[in-house]
Every structure is written in structure tokens, then in C-alpha cells.
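Engineer: Take this structure first; my questions come after.
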Amino acid sequence: MAGSFKTEAVVLRSIRYGEADRVLHLYSADRGRLGAVAKGVRRVRSRLGGRLEPLSRVRLVLHEGRGELCTVTQVDTVHAHPGLRERRASLERATQACDAVLRLFDAAEANQPAYNLLCNELALLDAEPEAATRAQALAFRVKLLLAAGFAPELASCASCGEREHLGAFSPSAGGVVCAGCEAGSFPLVAEAHSFLVSALARPLSEAPGAPERALAQVDRAIGETAEYHAHVRLRRVTGR
């Protein structure tokens, strides 16, 4: 139904449109993914100004018409995250986080855990430069899989339920597997398994560490789980 509504959202992506407009990909607290157009926002005197930059957390008034895109009529900044914009590593990690949300959550359905997780990740990267690590980014992603309903089975073999000798990961089975069920799987060292378990249990600010080999396996496990079960391809997490 056409009309105006209020929501809080994170700007995931902003694309130039026409001479002065921008099309926005938003992830909102109470409506999930939204598309919107900010008319005239690229003009010098626009009252919307720089408040709709990617990575910003904002309060919006949107008008919903007959088209697919809402129209931004009012915006106030909740958190601009200026700190992360001043550091390349933090900016890259924040962009990766928004891209993962953009790919995993494409429905106009509220997912409060996913929204809270994204807000916490951006606030952490803004406040703590040392948080911009590969390990922390992967910890965010495995929590994001949980919020999306695709968290891997880690306590026992995803195929037969065996609780020991879990040295491989099977995306099709949905988690770790034992030696007897490892067809179609790839090796998962103990450090990688431990990382996944700890990342789900700990707050984002206490993300565990792991050797590079283990992190590469974690990245693969997350990526192939998303591809097999959510049918989306996440970009690999690079760097340190």
C-alpha cells in the first residue's frame, strides 16, 4: 500500500542515478532489505547531503509508491562511523560486512539479529582499529550465517551424528563430518574447527585467532555453506 513510513537502516550501497540522484541499497531494522532513491542528493544544496553515504546508520522517512523503489523524504544520522572511514583496513572490512549482508539477505523481511549484528560490527570497526583483521571478519560472517539460518553443524558429524574424529567439512551435509562420511568434503584442521565454535560463542569484540591455514579453511567453509544452502556466492575474505 502506498504511503510513508519510518525506519532505521544501514546504507549498504549507493549507486549514481541520473544527473543528481542516487539509488540506495538499505538494510533496515524492521523491514529487511529495501531499495530507495534519494532524489537530488548529489546537488551541492541537497538537504540530504552526505548523510546517505554507504556504511552510515540512519533514521529515514520513506515514501512507498507503486514502483519497486521507495523515495527518501527525510534522513537523520544515527552513526556516521567516521573512524572507520579514516583507516583503509577498517573501511575494507566494513565494506565486506555490508556486501555479505547485501548478498545473504535479499528479502523485505525483518531479521533483527542480522541487523543488530551488522550495526555492532560497524560500530566495532569504527571504534577499534585493531578489530580490522581477517579473523574478526570471518567471525562476523559465521555469526551472519547463524542469523540467516544456515549455521553449520559443529558438535557432531552432520551426516551420522558421530562426535569424534571430525576432521573434514561438507557443505552439502551442512557441517563437520567424520572419517566415514567424508565423501565430497575437504579437510578441516582442529584449529579451524575450534575457531568456528569459538566465533559463534563469543561476542564480536572477542573474536578468536587462528593460523592462516585454519582461517583459509574457515573462509572456504563459510563460503561454500552460503553457496550450497543460500545459493549466494560470498567474496573471499583476504588480508590479515
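The values are calculated or read from the model by the stated rules, or taken from the named source; none is laboratory data. This is a predicted model, so every value here is computed, not measured. When we count neighbours, we look across all protein chains shown, and the Cβ atoms used for this are built from the backbone with ideal geometry, even at glycine.
Engineer: Filter segment 4-27 down to residues that are surrounded by fewer than 19 Cβ atoms within 10 Å (Cβ to Cβ) and touching a residue at least 60 places away in the same chain (Cβ under 8 Å) and give me whichever is farthest from Thr73 (Cα to Cα).
Structural biologist: Among residues in segment 4-27 that are surrounded by fewer than 19 Cβ atoms within 10 Å (Cβ to Cβ) and touching a residue at least 60 places away in the same chain (Cβ under 8 Å), the one farthest from Thr73 (Cα to Cα) is Arg13.
Engineer: Against the condition surrounded by 17 or more Cβ atoms within 10 Å (Cβ to Cβ), more than 15 Å from the chain's Cα centre (by Cα) and free of Cβ contacts under 8 Å to residues at least 24 places away in the same chain, how does Glu182 come out, does it pass?
Structural biologist: Yes.
Engineer: Among (1) without any contact (Cβ under 8 Å) to a residue 40 or more places away in the chain; (2) closer than 19 Å to Arg103 by Cβ, where does Ala221 come up short?
Structural biologist: If we test Ala221 against (1) without any contact (Cβ under 8 Å) to a residue 40 or more places away in the chain; (2) closer than 19 Å to Arg103 by Cβ, just (1) comes out false.
Engineer: Take Ala151 and tell me if it is within 17 Å of Tyr228 (Cα to Cα) and assigned to a loop (DSSP other than H, G, I, E, B). Quick ask: steps written out before the conclusion?
Structural biologist: Values: within 17 Å of Tyr228 (Cα to Cα): yes; assigned to a loop (DSSP other than H, G, I, E, B): yes.
In short, yes.
Engineer: If you don't mind, there's one more thing I want to ask. Which condition from (1) assigned to a loop (DSSP other than H, G, I, E, B); (2) in contact (Cβ under 8 Å) with a residue 24 or more places away in the chain; (3) closer than 24 Å to Asp106 by Cα is the one that Gly209 breaks?
Structural biologist: Every listed condition holds for Gly209 apart from (3).
Engineer: Follow-up. Sort through Val41, Val72 and tell me the only one that's buried (at least 19 other Cβ atoms within 10 Å of the Cβ), part of a loop (DSSP other than H, G, I, E, B) and free of Cβ contacts under 8 Å to residues at least 60 places away in the same chain. Before the answer, list the steps.
Structural biologist: Numbers: Val72 fails: part of a loop (DSSP other than H, G, I, E, B).
The unique qualifying residue is Val41.
Engineer: Identify all residues within segment 201-214 that are out of contact with any Leu (no Cβ under 6 Å at 6 or more places or on another chain) and surrounded by 15 or more Cβ atoms within 10 Å (Cβ to Cβ); write none if there are none.
Structural biologist: Ala207, Pro208, Ala210, Ala214
Engineer: Does Ala107 meet the test of being modelled with pLDDT under 95, in the same structural domain as Arg213 (by TED's automatic domain parsing) and touching a strand residue (DSSP E or B) at 6+ places or on another chain (Cβ under 9 Å)? Break it down into steps so the answer makes sense when it comes.
Structural biologist: Values: modelled with pLDDT under 95: yes; in the same structural domain as Arg213 (by TED's automatic domain parsing): yes; touching a strand residue (DSSP E or B) at 6+ places or on another chain (Cβ under 9 Å): yes.
Taking the combined requirement at face value, the residue satisfies it.
Residue-by-condition table, conditions (1) under 29 Å from Leu122 (Cβ atoms); (2) touching a strand residue (DSSP E or B) at 6+ places or on another chain (Cβ under 8 Å); (3) part of a loop (DSSP other than H, G, I, E, B); (4) among the β-branched types (Val, Ile, Thr):
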site	(1), (2), (3), (4)
Arg141	yes, no, no, no
Arg163	no, no, yes, no
Leu166	no, yes, yes, no
Glu191	yes, no, no, no
